[in-house]
1. Can you work out which of the residues in the range 176-191 that are part of a helix (DSSP H, G or I) and open to solvent by less than 70 Å² (accessible area, probe 1.4 Å) is farthest from residue 95 (Cα to Cα)?
2. So, in the range 192-214, exactly how many residues are in a helix (DSSP H, G or I), open to solvent by 30 Å² or more (accessible area, probe 1.4 Å) and out of contact with any strand residue (DSSP E or B) (no Cβ under 8 Å at 6 or more places or on another chain)?
3. Condition (residue is outside any helix (DSSP H, G or I), without any contact (Cβ under 8 Å) to a residue 60 or more places away in the chain and out of contact with any Asp or Glu (no Cβ under 6 Å at 6 or more places or on another chain)) applied to the range 148-163: is it met by at least one residue?
4. Could you give every pair whose Cβ atoms fall below 9 Å, whose first residue belongs to the range 129-140 and is within 18 Å of residue 100 (Cα to Cα) and at pLDDT 95 or above, and whose second residue is of a type in the set (Gly, Ala, Ser) and outside any strand (DSSP E or B), counting only separations of at least 6 or pairs across chains?
5. How many residues are at pLDDT 95 or above and open to solvent by 40 Å² or more (accessible area, probe 1.4 Å) when one looks only at the range 73-83?
6. Across the range 148-175, what is the number of residues that are open to solvent by 10 Å² or more (accessible area, probe 1.4 Å) and within 22 Å of residue 193 (Cβ to Cβ)?
Amino acid sequence: MSCQPVDVGLSPDQVTGIVLAGGASRRMGRNKALLPMQGMSLIERTVQALDEVSGRVILSTNTPESYQFLGLECVPDLYVGQGPMAGLHAALKSSQSTWNMVAACDMPHIHERFLRGLLNLANQQLTADAVIPVVEGRVHPLLAVYRKEIVEGLERRLIKGQLRMVEWVQELNAVFVHEEQLEAITGLDPRKILFNMNTPGEYEAAAGLMNADLPEDR
């Protein structure tokens, strides 16, 4: 029997979904956001999941022409060429929500129930800046929940050229959620959900993993 996140009151209209689509995809050799996976592109899978938990979804990208078919608001970096932290910064600046569900566009197994589990944890936090998964000792800041208020500290790091995201999140008052808790509250395997693709080989591996059943109720 799959485990469902308990609804603790954070409704979609209280959340902005942020898709990070600013990567150069150099190792993949082509735009990985547009790679097909079971009848839709990776970025469409990401938007679909965020739509379920967010009242507004915005796309962080410096190439909006590549994503016009999505019909989403596109937000360019204010600090160009400074990686995913710059994309997150620009998107949070644009957000009007206290809580923001952030997802990179290269996680083919992203699932609405996993996002809802993170958001429910966020809603239980009175003072936390973020809720961030940790799987097998690795922090995953690109599928996480952030308060809008962190944007000022993020901007200070961008101005200084301090661009290591994992170092930045360690400075936050963040709740780091480990795989055992994530699996217990979502009924999903966090290792699979957080699998991301950077190379053609990883793309092939992701397509193979699609043959393993995820719980069907989204």
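1. It comes out as 184.
2. Looking only at the range 192-214, we keep the residues that are in a helix (DSSP H, G or I), and these are 192-193, 200-209.
Then keep just the ones that are open to solvent by 30 Å² or more (accessible area, probe 1.4 Å); that gives 200-205, 207-209.
Among the residues that remain, those that are also out of contact with any strand residue (DSSP E or B) (no Cβ under 8 Å at 6 or more places or on another chain) are: 200-205, 208-209.
Here the count works out to 8.
3. Yes: the range 148-163 contains one or more residues that are outside any helix (DSSP H, G or I), without any contact (Cβ under 8 Å) to a residue 60 or more places away in the chain and out of contact with any Asp or Glu (no Cβ under 6 Å at 6 or more places or on another chain).
4. That search, which allows pairs on different chains as well, returns 129/153; 130/122; 131/122.
5. Result for the range 73-83: 5.
6. Total satisfying the criteria: 5.
The values are calculated or read from the model by the stated rules, or taken from the named source; none is laboratory data. In this text the structure is predicted, and so the values were computed from the model without any measurement. Counting neighbours? That spans all protein chains shown, and the Cβs are built from the backbone with ideal geometry, glycine included. Each accessible area value is taken on the protein alone, full model and side chains, heavy atoms only, with ligands, DNA and RNA left out. Shrake-Rupley method; radii C 1.70, N 1.55, O 1.52, S 1.80 Å.
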